[in-house]
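Derivation of every value follows stated rules applied to the coordinates shown; laboratory data play no part. Please read these numbers as outputs of a predicted model, since none were measured by experiment. No Cβ is skipped: glycine too gets one built from the backbone with ideal geometry, and neighbour counts run over all protein chains shown.
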Amino acid sequence: MLAAQEAVMNNIVQLVGPQHTLQILGLKLVGFNAETAKKLLVSVIFVFLVWLFGRLLKRVTKSARADERRAFWIHQAISITVAIVGIVGLLSIWFDQPSRLATAAGLVTAGLAFALQQVITAFAGYLLILRGKTFNVGDRITMGGIRGDVVGLGFLQTVIMEMGQPPEARSAEPATWVQARQYSGRIVTISNAKIFSEPVYNYTRDFPFIWEEMHIPISYSSDRGRAEAILLNAVRAHTQKTTELGEEALTELERRYFVKREEFEPKVYLRLTDNWIELSVRFIANDHGVREVKNLISRDLMAGFGQAGIGIASGTYEVVGMPPLRVQLVSPADPKTP
């Protein structure tokens with residue numbers, strides 16, 4: 001019985017020819033022979049070992065407790081090294097003759113260039129991000145219409161922890177339900193190819209502070225000098241001081257970006273409107289926590305304005321005059337009443 005089964009299997013599956021080509025039901029499978037099976041097995045083992053080696057290296061660097069930016073670059077270097085080693089190793093296993101390798105590489109390159117245009121562009125964007133220092137993990141950016149902090153970077157995609165938008169930017173797409181620059185809880189993946197077609201706004205590159213403004217309307221009858229002093233005191237109490245930036249950092253900023261040192265100090269600007277005087281205060285703050293800073297400034301402003309008797313102006317209307325009215329009362333018993 002066993003001999004009969006073996007005979008049937010031998011008739012169905014056979015290894016024929018000097019290269020032991022696989023034959024099923026008399027049909028030869030071109031390119032699949034004993035050598036190919038051996039190469040396939042070695043390739044699987046090799047890819048697994050390379051992947052395991054990369055994982056171990058990343059785990060070791062993660063346990064070393066390096067700072068976030070350094071760990072990011074170390075992980076990127078490990079990923080690129082593992083990818084190069086894997087590609088070179090697989091090519092060495094499958095192509096033992098240079099002529100065959102060149103022919104196969106030409107065909108594969110032509111096919112990939114046509115079928116995977118977006119993938120190739122995304123990978124080129126990844127290389128540009130690494131070389132051009134467009135952003136790092138931890139930077140706060142706007143990319144592809146998404147605002148947030150970069151939490152991951154791969155060969156093809158960038159991962160962003162989305163944040164909300166201030167009220168004046170809520171009409172922008174995609175809309176969010178968070179009314180300030182705080183996390184919405186959504187993780188967004190964006191193709192690296194976006195850096196070639198759209199601008200990338202980086203809030204934290206080289207300078208971890210941003211300029212902010214607040215606009216406070218007061219009536220024309222209010223004490224403008226007192227209101228400006230209260231506004232400046234509130235801002236200075238809760239924002240970044242120029243002295244805390246450090247002399248070296250200030251000198252470097254002035255040299256690279258032509259920023260004058262006076263621009264770091266809070267300053268109030270006045271604008272006259274039909275209804276009120278608008279006080280606009282400009283100041284610098286940390287790139288994170290702007291909503292909390294504005295909250296503290298607003299609370300101090302309400303307390304200071306309340307003590308000084310200064311009111312916040314609003315779009316109300318005052319009736320300053322009206323034409324005289326003449327009223328005549330007629331008795332119901334009067335016969336002249338119709």
Fill in: Nitroxide proxy distance, nm - points 7 Å out along Cα→Cβ at ASN295 and THR189
3.4
Worksheet item: Packing-wise, with mean Cβ within 10 Å as the measure, how do 208-216, 42-50 rank, highest first?
Response: 208-216, 42-50
Discussion item. If I model a spin label at SER43 and ALA308 as a point 7 Å from the Cα along the Cα→Cβ vector, what separation in nanometres do I get?
Written reply: 7.6
Worksheet, complete the sentence: For ALA313, the residues 5 or more places away or on another chain with a placed amide H closer than 5 Å to its own amide H are ILE218, SER219
Practice prompt. Taking the Cβ of each residue in LYS38, LYS260, LYS58 as the centre, tally the other Cβ atoms inside 10 Å and list the residues starting with the fewest.
Written response: LYS260, LYS38, LYS58
